[in-house]
Structures are given as C-alpha cells and as structure tokens.
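The values are calculated or read from the model by the stated rules, or taken from the named source; none is laboratory data. The model shown is predicted, which means the values in this text are computed figures rather than measured ones. Reconstructed Cβ throughout: ideal geometry from the backbone, glycine too, with neighbour counts over all protein chains shown.
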Amino acid sequence: MGADADAAGADAGRNGVKRRLAGGALLCAAAIAAVAPVQAVAPPIRIETSAPHMGTLVRITLYADAREAGEAAAAAAFARIAEIDARLSDYRDDSEVAALSRAAAQVVVPISRDLCAVLTASQSLARRSGGADVTHGQPAGAAFDVTHGRLTHLWRRARRLNLPPDATAVSTARAGGGYTHVRLDQLRCTVQFDRPGIEIDAGGIAKGYAADEALKVVRAHGIRAALVAIAGDIAAGDPPPGQAGWRIAIPRLGSDEPHWIAIANAAVSTSGDAEQWMTVDGVRFSHVIDLRTGWPVTGRSSVSVAAARGIDADALSTTLDIVDADAGARLLEAYRGPDGPRRLAAQALWQRVDGAGRVATHHSLHWPAIDRPASAITLRGTP
C-alpha cells in the first residue's frame, strides 16, 4: 500500500490534468443522466381470446411481452385443443375414440399418446372409485369409468327427447361396460378389450386434459402467466403480474353471488346439473350418471375440485358429484401434494339443494377461498 501511494504522489503532477479532465467528464455524464429520462420496462400485455372447440367456447387469457408473441401462443394452444378433440370426442364418427369403440374384442389396438394418457388416468380413478357404497340395492362398481359409453349415450338420447329410458334398457347398457375389461399397455400405448360392445366416453375427463395440454403449449412459447378455460374446466399458470393468483368465480347454487377462489399453477373444474338436465314428473335428472346404478344424479348439485392438474380436477369433480361425502374425502386423500401428507393436492367444494330447497355447502380444509375481489374470471372463463 505504501509503495503504491508514493508512486501516485510522484506522478501527481503528470496526472493532475488527466484527473481534472476525467472529473469534468464524470460531472458532464452525471448532468446528462440527471436530465435524461429513465426508460421504464413496458408491462406485459394482457391478451384475451376465444374460439369454439369441444362443443363449447374456449377462452385463453395470457400476459405477453409482445402482442404478436401472445397471439401466436394462443393460436397454437387452440390448435392443440382441436387436435385433442379430434382424437377424444365421442360425438365424432371419425375420432380415435369412435374407432376404438368399434374395435373387435381381443384385438390389440395402437393408440395415440393423448388417448393413452386419458385412459391411464381414467383407469386409475376407476380403481380408486370402485369401493363406494350404493344405496340402491345393486352391487357397487366404479363411480368413474369411461368404458360406459353405451350407458351415457342412452341417457344423452333421453335428454334430447326428454324421455327417460326403461329400466331394462338401462340395465342392458350398464352391463355393456366395465373398466376391468380393458387391457391397457401404458409403455407401448396399446389397448384391447376382452369383451365386445365396450364404448368409450371420455367426456368427464377430456376437457381437463385439453386445458392442461393447451397451457403447456402456451408455456412452450415462453409465456408463464396464462389461463385456459374450457367451459367449467380451467388450467392456470403463473398468476397475472402483481397478483398472488388468478381470481375465479364459481357459481353459487341459489344465489347470484358466486364463491371466489384464487389459484396459480393449478386447475379447477365444476360438475353438476347447471348446464344439462331434464325434468320428468317433477324429478330433475342431471347429465351426471351414477355408473354404479345406471341412473342419473337427481336434484340440484354442484361439486368443484381444485387440483394440480386439470385432468384430475375434471374427473374428480364428476366423481365427487356421485359418491357420498366419506367416499369423496377418501378420493381426495389419494391426490396428495408434493409438500407432504398434511396438505392435499386436491380440494373440493360441495353444494347440494335438499328437498326443502335449502342449499347445503361444505368444503375441504385447504379449499382456496378468498373474499370477493375487484375483478375476476368466472369458472366458464368469462372475464
């Protein structure tokens, strides 16, 4: 340190002018900085767009640094949803699901990754939901089972005609399904049925899966803050800028004031009779079929499930609208989160109207309820 100081002193004369010039330059630069405006980083652009897919209006909301990039991401996400619908829809004769339903028994059929993923999740939930009690005096089957297409198609026609089928037709259609007759090879993505007449209806799980996949596409475009809403099935990414989560309104039975929740990097789905039902002789029949009996859920009800994945939230909300409270709680426990057994990955909100017209509501411990926000997105995806 001392030698350096001496050298600096000896050169002081030579360097004095340089230091004065440098000092002047620094002062000049400081003056320029003082008057030049600081360029602020532009906030992300909110983009909201919609398109008809899967028999409903799909809405995508995202935040992008550039409008062109955001619109390109949304367009790619819509294209992915259309691709999934072409494979999984049982309303289309040319879909992969329709072709599989026509396949002969004991024939190994190669299937797409999309159908393989949906069948894998469906078979898992079918096994888990197979032990719930039934109060109708019939043996218990699985409460969730995509192999009961013959039964769901029977009731689909009944709703269109507003005329329920007779008990024999219901029993025959119900006997035509059963997840235990499916041989699924997840590694090779092949499937075979060990009996004829199996028909696939993935309507209780496909929209949740499609929302997941659409969100993956948006993320692949470098956009993290995004939300995909396919009717009552929502998949959310990172929250909007400056927010802790996406604020979502879930319809409340018997009231115009909804239930409010906030989610981020999660999904939420609602099942019930709000959209599709028929009333015969004063009895309200939901479009949700109790596969253990073959007959629809009756009365007004709604179940919402928040989970890590849309494919799980969609299928669980349908199942929990069928089974009793104890069986529903056991199913939720099977979807534990990554932070240990005390906090569950799947949460639920149950709403039912009793015979006197009173609404009974309860929810699981970690249901993500919030107070009414200033602005939000409804469960159907309407800003």
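Here are a few things to note about the model shown:
- When each of 174, 183 is tested for being at pLDDT 90 or above and under 19 Å from residue 99 (Cα atoms), the lone residue that passes is 183.
- Yes/no for residue 112 being without any contact (Cβ under 8 Å) to a residue 12 or more places away in the chain and either under 28 Å from the mean Cα position of the chain (by Cα) or surrounded by 15 or more Cβ atoms within 10 Å (Cβ to Cβ) (or both): no
- Test for residue 90: is it in a loop (DSSP other than H, G, I, E, B) and within 21 Å of the chain's Cα centre (by Cα): yes
- Those strands (runs of 3 or more DSSP E) of the stretch 259-338 in which at least 3 residues are touching a strand residue (DSSP E or B) at 6+ places or on another chain (Cβ under 7 Å) and modelled with pLDDT of 90 or more, considering only elements entirely within it, cover 259-263, 266-272, 301-307.
- Whichever residue in the stretch 62-80 is under 17 Å from residue 51 (Cβ atoms) and in contact with a Lys or Arg (Cβ under 9 Å, 6 or more places away or on another chain) and, among such residues, is surrounded by the fewest Cβ atoms within 10 Å (Cβ to Cβ): 80
- The stretch 361-381: number of residues that are at pLDDT 90 or above and either among the aromatic types (Phe, Trp, Tyr) or not in a loop (DSSP other than H, G, I, E, B) (or both): 5
- Cβ-Cβ distances below 6 Å connect the following pairs, each with a first residue in the stretch 355-366 that is touching a residue at least 40 places away in the same chain (Cβ under 8 Å), a second residue that is part of a loop (DSSP other than H, G, I, E, B), and a separation of six or more residues or different chains: 359/253; 359/254.
- Among the residues of the stretch 339-360, those identified as touching a Leu at 6+ places or on another chain (Cβ under 9 Å) and either at pLDDT below 85 or of a type in the set (D, E, K, R) (or both) are 343, 344, 345, 352.
- Within the set 83, 96, the sole residue that is over 16 Å from residue 227 (Cβ atoms), within 21 Å of the chain's Cα centre (by Cα) and either surrounded by fewer than 21 Cβ atoms within 10 Å (Cβ to Cβ) or in contact (Cβ under 8 Å) with a residue 24 or more places away in the chain (or both) turns out to be 83.
- The stretch 51-71: number of residues that are assigned to a strand (DSSP E or B) and in contact (Cβ under 8 Å) with a residue 40 or more places away in the chain: 10
- Residue in the stretch 211-222 that is over 26 Å from the mean Cα position of the chain (by Cα) and either polar (S, T, N, Q) or under 27 Å from residue 83 (Cα atoms) (or both) present: no
- Failed item, numbered, when residue 197 is tested on (1) modelled with pLDDT under 95; (2) crowded, with 22+ Cβ neighbours inside 10 Å; (3) not hydrophobic (A, V, I, L, M, F, W, C): (2)
- Identity of the residue in the stretch 147-172, surrounded by fewer than 19 Cβ atoms within 10 Å (Cβ to Cβ) and under 25 Å from the mean Cα position of the chain (by Cα), that ends up nearest to residue 201 (Cα to Cα): 153
- Count - residues of the stretch 173-190 that are more than 25 Å from the chain's Cα centre (by Cα), crowded, with 19+ Cβ neighbours inside 10 Å and more than 14 Å from residue 294 (Cβ to Cβ): 1
- Pairs linking a residue in the stretch 205-232 that is within 15 Å of residue 307 (Cα to Cα) to a residue that is among the hydroxyl-bearing types (Ser, Thr, Tyr) and surrounded by 21 or more Cβ atoms within 10 Å (Cβ to Cβ), with Cβ atoms under 7 Å and 6 or more positions apart or on different chains, are 205/122; 208/269; 227/61; 232/269; 232/270.
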